[in-house]
Amino acid sequence: MVNFWLDMVYKFMIGGERALLDQVANQLKGCDLNFSAPSGEPETEMSRRLTAGFGNLSEAIRQAAALSVQIAEEVPHITSENGGLATQSQAQMDALTAIFTATQRLLDGLQGGRDELREVIDLAKEANRCAQAGSDAARELATAMTEVESRSVRAHKIVEVIDTVAFQTNILSINARIEAAHAGELGQGFAVIAQEIRQLAVRTATAARDVRGIIGETSSAVSNGARSATATQQVLTGLGELMTRAGVAMESMAERVTGQGQELVAIDHSLKQVLAIGRNNLENAGRIAERSEALQEATDTLRDCVGLFRLPEDPLYEIRHATVFDLATASASAVSTAFAAALHSGAITAADLFSSDYQPIPGTQPPKHHTPFDRLCDELLPPIQEPAVASQPWIVYAICANYDGYVPTHNLRFAQPLTGDQARDLVGNRTKRIFDDRVGRSVGSHTDPYRLQVYRRDTGEIMFDLSVPIFIGDEHWGGFRVGYALA
């Protein structure tokens, strides 16, 4: 009798599993991922595993489909922007080419100007030397003129002496003639001599007057020449100083022109590099445009592929998803209320609660951090998170993450003391980490009513993550996330 019932149970089990496998085969054949165990049949381990597997696959396909739609919507914008980038790159290339050409002309002009300026500097130096030589000659001429004027004065004095002697001689000759007349015949010869002496005195006086006039004229001319020579020396000296200053100024200008030329050479070199980068950008823009078209085609193909699958219309029709959504929504509201009360009481400031100051905790891998709101979260969150994670046996975690994906306070089961064993601590101590994986980055930053994602956790399990946003008043702080499996 016992064997009979065992045989009946075995046949029932075989028949039930066969029916289940037939259903799975038919749904897979039709790409139908909306799976549920046959009604009226008892739930078995296999049916639970198949339900979980179809649920994981359907949500993964749903995410891929949503992503393909998002990409398809963005690709035309990217293509348009790439076209604009190509146009702008071409315009940039044209502008840079024009600037490069103008720089080349300016560089050539500066080079020519520098050479001409160097010639002018050389001429200025030569003119300065000539002016210096002229100044020296004028100074020597003025000195000579002064000496001639001095000697003319001495000659004038000598002539004055000669004129005086001639006058005295003439007086003597007159006296001699008078005495000769008194002497009669004896004085005839002496009278002749006196007459000759008188004529000599007259000629001497006349010559002295002529010499005095010549000396006077010469002295006047020499004086004027000395003044002219002195003025010429002053002019030439001033001209030399002016040429010296002009030379210094032109030297300074030449140095500046040289410096500007060097800067233009550097600009020219930089422009060559920018032109090379611009050409490379233009080529890249062309390649990006080609790849954008290929991406559009690939996205269309992806949408066609994922469109083959028939998915559940609403993920929340799955009981576990709906249960977690209600749990996460209630928990997020409780967290929001607790944070708002802490702000109102002054237990923490808004600046600290919304802080993004992450201070690394030494010796932790993966890295852990402290923040200004850690202590408050360690106090307020466990009374909310622990009942949530314990509400269903299939829930793995129920935690808060801020906008950056930082988890200040994990569930107690994942906040065990660090052991130094990295593999063990990866599982046992996951608190105070910034989770920057695909799911971890999004759970605290989105403001959707909820976001359901399936992923492979860094500890190896495939699980669902459902998150809802946490608002404090009108300010978005982060999200409440719940991780779980369907089986």
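Every number here is computed from the coordinates shown, using simple stated rules; none is lab data. Computed from a prediction, not measured in an experiment: that's the story for all the values here. Cβ placement follows ideal geometry from the backbone for every residue including glycine, while neighbour counts extend to all protein chains displayed.
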* Structure fact -> Sorted by chain and number, the residues with a modelled amide H under 5 Å from that of LYS368, at a separation of 5 or more or across chains, are ILE361
* Label-point gap, in nm, between GLN90 and ALA298 - each point 7 angstrom along Cα→Cβ -> 2.6
* Give me the net charge of ARG209's neighbourhood, meaning all other residues with Cβ under 14 Å from the Cβ of ARG209; Lys, Arg count +1, Asp, Glu -1. => -2
* Hz values of 3J(HN,Hα) by residue in region 406-421 - Karplus curve (6.51, -1.76, 1.60), Gly and Pro given as x -> 7, 9, x, 9, 8, 4, 4, 5, 10, 10, 6, x, 5, 10, x, 8
* Determine the gain in length on full extension of the stretch GLU74-LYS272; use 0.36 nm per residue of separation and subtract their C-alpha separation, reporting nm with one decimal. => 67.8 nm
* Structure fact -> Going fewest to most other Cβ atoms within 10 Å around each Cβ, PHE373, PHE354 line up as PHE354, PHE373
* Structure fact -> Scoring only Lys, Arg, Asp and Glu (+1, +1, -1, -1) among other residues with Cβ under 11 Å from the Cβ of SER331 yields -1
* To do: Report, by chain and number, residues whose modeled amide H sits under 5 Å from the one on GLY405, excluding near sequence neighbours (fewer than 5 apart, same chain).
  => GLY444
